[in-house]
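The values are calculated or read from the model by the stated rules, or taken from the named source; none is laboratory data. Computed from a prediction, not measured in an experiment: that's the story for all the values here. Neighbour counts run over all protein chains shown; Cβ positions are idealised from the backbone, glycine included. The protein model used for the area step is the full one, side chains on, heavy atoms only, and it has no ligands, DNA or RNA in it. Shrake-Rupley method; radii C 1.70, N 1.55, O 1.52, S 1.80 Å.
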Amino acid sequence: SKLAAFDESASDLELYWAGIADVVQDAESEIHTDNAVTAKTLETSFIVVAAVAFILLVLTAVSSARAIVKPLGAITGVMARLARGDQDAEIPALDRGDEIGDMARSLSTIRETGVRAARVQTALDNASSIMLMADTAGEIIYVNGAARRYFSEMTPFLGDSFAALAQGDLEGRHVSAI
């Protein structure tokens, strides 16, 4: 009878352990399912966050490019107008505090220098005194109208060697060639 009770207890214990094994197996299965769901959720979340970050990066890049390209295009247009002699071209972006503003202010200075140089050029061209300018190497870089007229008038007295000078071929010659 003790043996029968022991066998019965052992049988109950086996059933108990089998029940525990089933519970553990069910728990493990549930954990694996939960882990798979969590992994899929994390993967989806990562893809969404990466896509949003990429879109924000593209929008920031486009916005930054427009903030740079548009003013540079406008400054380039003004530079072309100034190169064609349009001294009244309005220079954009002068009030900006960045490098584009620095470029605009430099362009304004270049325009002002060009305007002053054009005024000086006009004054020299219209001066009644004969003017020749040479650089430090002695090469003639400027001859005004009065000098051209003088050489033209003097050609009959000074010979054909001055005819070329009267036609404006002085620039680029050395002062000693006159």
Would you mind telling me the share, in percent, of accessible area of the chain contributed by carbon and sulfur at probe 1.4 angstrom? 62
Run the quick spin-label model on K70 and F54: label points 7 Å from Cα toward the beta carbon, then report their separation in nm to one decimal. 2.7
Give the separation of the Cα centroids, the range 1-59 to the range 116-131, in Å. 96
Gaussian network model of the chain, Cα springs within a sub-10 Å range: biggest mean-square fluctuation belongs to which of G85, G77, G138? G138
In Å², and per residue, what accessible area does the chain have when probed at 1.4 Å with the other protein chains present? 73
Expressed in nm to one decimal, what extension gain is obtained for the pair K2 and R149 from 0.36 nm per residue of sequence separation less their Cα-Cα distance? 38.3 nm
Lys and Arg at +1, Asp and Glu at -1: add these up for the other residues within a Cβ distance under 12 Å of I68 and post the number. +1
Sort all Cα-Cα distances of the range 1-153 into consecutive 10 angstrom bins from zero, then give the percent of pairs in each bin up to the one containing the longest distance. 9, 15, 13, 11, 9, 7, 7, 6, 6, 5, 5, 3, 2, 2, 1, 0
